[in-house]
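Only one structure is covered here, and it is reproduced in the block below.
The values are calculated or read from the model by the stated rules, or taken from the named source; none is laboratory data. What you see is a predicted model; the values in this text were computed from it and never measured. Note that we place each Cβ from the backbone using ideal geometry, even for glycine, and neighbour counts take in every protein chain shown. In case anyone asks, the SASA skips ligands and DNA or RNA and just uses the protein heavy atoms, side chains included. Shrake-Rupley method; radii C 1.70, N 1.55, O 1.52, S 1.80 Å.
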Amino acid sequence: MEALNASFVPSPRIPATSAQVLRKSQFLHFQFSSIPSSFVQSYDRNKSSSKILTTLSSSVSTETLDPTEPALETDSQQETFDWYAQWYPVMPVCDLDKRVPHAKKVMGLDLVVWWDRNENEWKVFDDTCPHRLAPLSEGRIDQWGRLQCVYHGWCFNGSGDCKFIPQAPPDGPPVHTFKKACVAAYPTTVQNDIVWFWPNSSPEYKDILSSKKPPYIAELDDPSYIKIMGNREFPFGYEILIENLVDPAHVPYAHFKLLPGPPAKNRVKLDREGGAPIDITINKLDKEGFHASRFGGITNFMAPCVYKSAFSLPPKKGNEPQRRGLLLFFCVPVGPGKSRLIYTFPRNFGVWMDRIMPRWVFHLWQNRILDSDLYLLHLEERKIMEVGPTNWQKACFVPTKSDAQVVAFRRWLRTYSGGQINWGGKFSGALPPTPPKEQLMDRYRSHVVNCSSCSLAYKSLNALEVALQVISFGSIGAVAATKQNAMSAAARTSLVLMAILCFAASRWLAHFIYKNFHFHDYNHALL
């Protein structure tokens, strides 16, 4: 696995340093590292005794399996995946402000996430006031720690009970105690520094946490691991998001010059990116997801939301512990044509860089990677919807082992959910219209406003831009207002030079802000 450490992606226009090597490890390199020959040889020796299946589709119309492997072990074909009996991640705690309610959508449900300081817990409610259906996410948290609707002032406690109706006379009937005055409160928990919720507010699920918990990732609670979380909203659906994350073959192409390609002797002869065969084996597929092997490491899809890819590196010195890391993706179905990604890459090596580098700096680079295939995926989803998601296997030709995880995910979706998400009849199935590319890829709405670090950096950089312009125009004004004999020529020259430099810096900063916090195109044809 030394190849994994040796060819990490460089940050643009930054000299190669030890810090650079660590930053390169932060995004998706494990997806396409070259396969160690020792692992392949070991795998070949034990192949006959292991119960595995190389998932391989070699026909346009049917999904064909490798006949040399045993049949894939699956649960009963009659089982159905219940999308509303699962835990879903909503947002990282670090990106939620305890002072205000937050509007979020998961599984087509409009939610309000807010901090109940009376119980010291995050709460997830239906984002609808029972009075006149105004969004509670536009409300406030009052001085008693209750969630207040700002349309008419109704107040609710952490259980969803209405505690105050301003318009109800104090000597009248206690209408605030009526069941219809309550807000639907969903089971909620915080695990691995992420707020999770159960999308069913029925009383029978009030204590669901005691019998079923969200997937637990031990490394995220391990103090020896560093982890920086990010989140991003996407204009394509959950199915496309998962497909893209479990597909290592697209990385050297869709993310060309952003992430390194695998070493390949035929790079110049065949193509500039150096794509190569990728041997992926599906070890198990059932209603809970699937397990796969590649490059000597293990990957897991834990249905419906978690994709985990683990890797390890040899210690630099003999007495050091083994260096380990994960690629962790929490994939959230928002609605048809919309999804949310919460990502983090915990590791127990190179932790010093994450502790000194601002979180928003990492997000700049990671957002550029996410943007580089966003438009492709948005259009791809529309083509799949034209033929119908249940016809995916007939429409897509996936003949190589590099597509094994994509095929496995589509097989899981077809086997346990009829090929698509069950939205509970809330949607007609039509996708939202495609907006202009600048709007489709706008980082401000899809990330900045939802990220505490990037939002603060955005405000600070905009303030700095204004300050530079004020200094620039102020310097010119001072020169113009001062009589010629009252200021030396050197002072005048210095003020004019400072004005020019500050104005130029403000223009550069404005371009930097727009490119990194609003829109950055990625034209593959011109690279």
Within the stretch 431-455, restricting attention to residues that are within 21 Å of Glu380 (Cα to Cα) and assigned to a loop (DSSP other than H, G, I, E, B), which residue is most open to solvent (accessible area, probe 1.4 Å)?
Pro433
Within the stretch 307-321, can you find the residues that are under 15 Å from Val406 (Cα atoms) and not hydroxyl-bearing (Ser, Thr, Tyr)?
Lys308
Please verify whether Trp115 is touching a residue at least 40 places away in the same chain (Cβ under 8 Å) and either out of contact with any helix residue (DSSP H, G or I) (no Cβ under 7 Å at 6 or more places or on another chain) or farther than 22 Å from Ile165 by Cα (or both), treating the condition exactly as stated.
no
Being open to solvent by less than 70 Å² (accessible area, probe 1.4 Å), in a strand (DSSP E or B) and either closer than 11 Å to Val183 by Cβ or out of contact with any Cys (no Cβ under 7 Å at 6 or more places or on another chain) (or both): is that true of Phe81 here?
no
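Conditions tested, residue by residue: (1) more than 28 Å from Lys98 (Cβ to Cβ); (2) modelled with pLDDT of 90 or more.
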{"residue": "Gln439", "(1), (2)": "yes, yes"}
{"residue": "Ser452", "(1), (2)": "no, yes"}
{"residue": "Asn462", "(1), (2)": "no, yes"}
{"residue": "Lys483", "(1), (2)": "yes, no"}
{"residue": "Ser494", "(1), (2)": "yes, yes"}
{"residue": "Phe503", "(1), (2)": "yes, yes"}
{"residue": "Trp508", "(1), (2)": "yes, yes"}
{"residue": "Lys515", "(1), (2)": "yes, yes"}
{"residue": "His520", "(1), (2)": "yes, yes"}
Residue within the stretch 403-411 that is aromatic (Phe, Trp, Tyr), closer than 30 Å to Asp371 by Cα and open to solvent by less than 40 Å² (accessible area, probe 1.4 Å) present
yes
Between a first residue in the stretch 510-526 that is at negative phi and a second residue that is in a loop (DSSP other than H, G, I, E, B), which pairs have beta carbons less than 7 Å apart while being 6 or more apart in sequence or on different chains?
His518/Asp442; Phe519/Met441; Phe519/Asp442; Tyr522/Ser372
For Val190, work out the one condition from (1) in contact (Cβ under 8 Å) with a residue 60 or more places away in the chain; (2) assigned to a helix (DSSP H, G or I) it doesn't fulfil.
(2)
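Condition (residue is exposed (fewer than 13 other Cβ atoms within 10 Å of the Cβ) and assigned to a helix (DSSP H, G or I)) applied to the stretch 422-430: is it met by at least one residue?
Checked against the condition, which is being exposed (fewer than 13 other Cβ atoms within 10 Å of the Cβ) and assigned to a helix (DSSP H, G or I), the stretch 422-430 yields no hits at all.
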